[in-house]
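Participant: First, the structure itself, so that you have it in front of you.
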Amino acid sequence: MSTAIAITQGDPAGIGPEIIAKAFRDAPDDLRGCFVVGDVATLRRAAQCIERPGMPSLPVALIEAPAQALQVPLRCVPVLPLPGLPGPQPWGRIGAEAGRAAAECVVWAARAALRGEVAALVTAPLHKEALSAAGVAFPGHTELLQAEAAKHQGVPLAAMPVRMMLASDELRTVLVSIHISLRDAIEAVTPANLAQTLQITHAALLRTLGRAPRIAVAGLNPHAGEGGLFGQEEVETIAPAIAAARAQGMDVQGPFAPDTVFMRARHAPGHPGEFDVVVAMYHDQGLIPVKYLGVDKGVNVTLGLPLVRTSPDHGTAFDIAGQGIADASSLVEAVRMARKLSA
């Protein structure tokens, strides 16, 4: 079984390549055995953009197979180049070629992971508009990986349910729905979706923690509906799903007021959280609290896949791309998490 970890280059017009270069330069022990799936010229440009006076240049090495990553010296970026990828793209611009490059790297890494050729993949940020411009039929990493996994196992997409977890040392949150409109996200709060989310969350954290996780469930409405005064979803949908999960032996509580449950779950010095994870009803409800605590610490983990995938919890940051100032901390945390989960 391979121990190599594939890092996809992300959108070449964004900060993905430069935070990858920074990670290999500044956290060499954490990046040992990792390699980049992407374009050599793009990674060389990224290495150049983080150069500073008096500092040695960061070399980029070509490899032909994941196992060769272990032979590359520290503070050197091993790149497994994919044929046909476009070269460096203009910094900070949405483009179809950039979107195509990002998607092709993810597909290659996903298939390698499904074949057991890499232990995990870490995905640098891509841009969803660029992905769409390239004609990719999926809105983001999660859905693209779900489709590849379902195809690999020969099952319908519906038989490969996945969920997004954002995690840091202080807080974990899992989302019932991901990249859909808020109107559609409200419609997605159904007994079936909630039951599936709770099952996926319980199973994933049971493996990670070695014990049953304490799961808190956020309400959908203000004050978790105030007993039906502000909406019926908590009474008619969320509470029954929690009761059903508890009957199956899961440690699930709620629904709790969304404006306080994340504070109750937060693990801080001298203040252990009441819960191991919060199940949030929609994308921003769950992601804002974790990102507010620090985007340099958060890691995106896809639950439910037959492979390990993590990513930084930030986007392509087109506004600062190419300046060499992007923070690589979240990417390094994503590598650490991927190594832990794949061990």
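Participant: Residues in segment 241-254 that are farther than 23 Å from Pro289 by Cα and either in a strand (DSSP E or B) or open to solvent by 30 Å² or more (accessible area, probe 1.4 Å) (or both): how many?
Facilitator: Here is the first cut: in segment 241-254, the residues farther than 23 Å from Pro289 by Cα are 241, 243-250.
Checking the rest, the ones that are also either in a strand (DSSP E or B) or open to solvent by 30 Å² or more (accessible area, probe 1.4 Å) (or both) come to 243-244, 246-249.
Count: 6.
Participant: Quick one: which residue in Ala124, Ala112 is closer than 24 Å to Ala328 by Cα and either of a type in the set (Gly, Ala, Ser) or touching a Phe, Trp or Tyr at 6+ places or on another chain (Cβ under 7 Å) (or both)? Give the steps one after another, and end with the answer.
Facilitator: Values: Ala112 fails: closer than 24 Å to Ala328 by Cα.
Step by step, each of Ala124, Ala112 is checked, and only Ala124 is closer than 24 Å to Ala328 by Cα and either of a type in the set (Gly, Ala, Ser) or touching a Phe, Trp or Tyr at 6+ places or on another chain (Cβ under 7 Å) (or both).
Participant: How many residues does segment 17-34 hold that are crowded, with 20+ Cβ neighbours inside 10 Å, charged (D, E, K, R) and not in a helix (DSSP H, G or I)?
Facilitator: 0
Participant: Looking only at segment 172-199, how many residues end up being touching a Lys or Arg at 6+ places or on another chain (Cβ under 9 Å) and either outside any loop (DSSP other than H, G, I, E, B) or at pLDDT 95 or above (or both)?
Facilitator: Qualifying residue count for the region: 5.
Participant: Look at Ala150 and say whether it is part of a helix (DSSP H, G or I) and surrounded by 16 or more Cβ atoms within 10 Å (Cβ to Cβ). Please lay out each step first, then the result.
Facilitator: Working: part of a helix (DSSP H, G or I): yes; surrounded by 16 or more Cβ atoms within 10 Å (Cβ to Cβ): yes.
Criteria met by Ala150.
Participant: Shifting gears a bit: Using the structure shown, decide if Ile63 is within 17 Å of Val37 (Cβ to Cβ) and surrounded by fewer than 24 Cβ atoms within 10 Å (Cβ to Cβ). Don't jump to the end; show me each part of the working.
Facilitator: Working: within 17 Å of Val37 (Cβ to Cβ): yes; surrounded by fewer than 24 Cβ atoms within 10 Å (Cβ to Cβ): yes.
Criteria met by Ile63.
Participant: Given the options Val279, Val332, Val252, Val261, name the one that is in contact with a strand residue (DSSP E or B) (Cβ under 8 Å, 6 or more places away or on another chain) and within 30 Å of Leu114 (Cα to Cα). Show your work before the answer.
Facilitator: Working: Val332 fails: in contact with a strand residue (DSSP E or B) (Cβ under 8 Å, 6 or more places away or on another chain); Val252 fails: within 30 Å of Leu114 (Cα to Cα); Val261 fails: within 30 Å of Leu114 (Cα to Cα).
One residue alone meets the criteria, Val279.
Participant: Is it the case, given these coordinates, that Glu117 is in contact with a Pro (Cβ under 6 Å, 6 or more places away or on another chain), open to solvent by 40 Å² or more (accessible area, probe 1.4 Å) and over 20 Å from Ala21 (Cβ atoms)? Break it down into steps so the answer makes sense when it comes.
Facilitator: Numbers: in contact with a Pro (Cβ under 6 Å, 6 or more places away or on another chain): yes; open to solvent by 40 Å² or more (accessible area, probe 1.4 Å): yes; over 20 Å from Ala21 (Cβ atoms): yes.
The answer is yes for Glu117.
Participant: A further question follows. Contact list please: Cβ distance under 7 Å, first residue in segment 292-310 and of a type in the set (S, T, N, Q), second residue in a helix (DSSP H, G or I), pairs at least six apart or on different chains.
Facilitator: Thr302/Thr142; Thr302/Leu145; Thr310/Ala334; Thr310/Met337; Thr310/Ala338
Participant: Give me the pairs: first residue in segment 217-238 and free of Cβ contacts under 8 Å to residues at least 60 places away in the same chain and of a type in the set (Phe, Trp, Tyr), second residue buried (at least 17 other Cβ atoms within 10 Å of the Cβ) and not in a helix (DSSP H, G or I), beta-carbon distance under 6 Å, and six or more apart or on different chains, which are they?
Facilitator: Phe230/Asn221
Participant: Count, please, the residues in segment 187-198 that happen to be more than 13 Å from Ala245 (Cβ to Cβ) and touching a helix residue (DSSP H, G or I) at 6+ places or on another chain (Cβ under 8 Å). Reasoning before the result, please.
Facilitator: Of all residues in segment 187-198, those more than 13 Å from Ala245 (Cβ to Cβ) come to 187-190.
This time we only want the ones that are touching a helix residue (DSSP H, G or I) at 6+ places or on another chain (Cβ under 8 Å), so: 189-190.
Selection size over segment 187-198: 2.
Participant: Has segment 42-56 got at least one residue that is among the hydrophobic types (A, V, I, L, M, F, W, C) and open to solvent by 70 Å² or more (accessible area, probe 1.4 Å)? Can you show your working first?
Facilitator: Our first condition is that a residue be among the hydrophobic types (A, V, I, L, M, F, W, C); within segment 42-56, this holds for 43, 46-47, 49-50, 55.
Then keep just the ones that are open to solvent by 70 Å² or more (accessible area, probe 1.4 Å); that gives 55.
So far as segment 42-56 goes, yes, one or more of its residues are among the hydrophobic types (A, V, I, L, M, F, W, C) and open to solvent by 70 Å² or more (accessible area, probe 1.4 Å).
Participant: Which residues, counting only those in segment 93-105, are surrounded by fewer than 18 Cβ atoms within 10 Å (Cβ to Cβ) and part of a loop (DSSP other than H, G, I, E, B)?
Facilitator: Within segment 93-105, just Arg93 meets the criteria.
Participant: I'd like the residue in segment 106-139 that is in a loop (DSSP other than H, G, I, E, B) and of a type in the set (Val, Ile, Thr) and, out of all such residues, is modelled with the highest pLDDT. Even if it seems obvious, please write down each step before you answer.
Facilitator: Initially, segment 106-139 is screened for residues in a loop (DSSP other than H, G, I, E, B), giving 115-119, 124-127, 134-139.
Add one more test, that the residue is of a type in the set (Val, Ile, Thr), and what stays is 118, 136.
Working: Val118: 97, Val136: 93.
Step by step, filter segment 106-139, then rank; the result is Val118.
Participant: If you don't mind, there's one more thing I want to ask. Inside segment 261-283, can you point out the residues that are closer than 24 Å to His314 by Cα and free of Cβ contacts under 8 Å to residues at least 40 places away in the same chain?
Facilitator: Met263 - this is the single residue of segment 261-283 that is closer than 24 Å to His314 by Cα and free of Cβ contacts under 8 Å to residues at least 40 places away in the same chain.
Participant: Thr142 fails exactly one of the following numbered conditions: (1) hydroxyl-bearing (Ser, Thr, Tyr); (2) open to solvent by less than 60 Å² (accessible area, probe 1.4 Å); (3) not in a helix (DSSP H, G or I). What is the number of that condition?
Facilitator: Condition not satisfied by Thr142: (3).
Participant: Restricting to segment 200-240, name every residue that is in contact with a Gly (Cβ under 9 Å, 6 or more places away or on another chain), closer than 16 Å to Val261 by Cβ, open to solvent by 50 Å² or more (accessible area, probe 1.4 Å) and assigned to a helix (DSSP H, G or I).
Facilitator: Hits for segment 200-240 are Pro222, Glu233.
The values are calculated or read from the model by the stated rules, or taken from the named source; none is laboratory data. On a predicted model such as this, the values are computed, not experimentally measured, just so you know. No Cβ is skipped: glycine too gets one built from the backbone with ideal geometry, and neighbour counts run over all protein chains shown. Areas reflect the complete protein model, heavy atoms only, side chains present, ligands, DNA and RNA absent. Shrake-Rupley method; radii C 1.70, N 1.55, O 1.52, S 1.80 Å.
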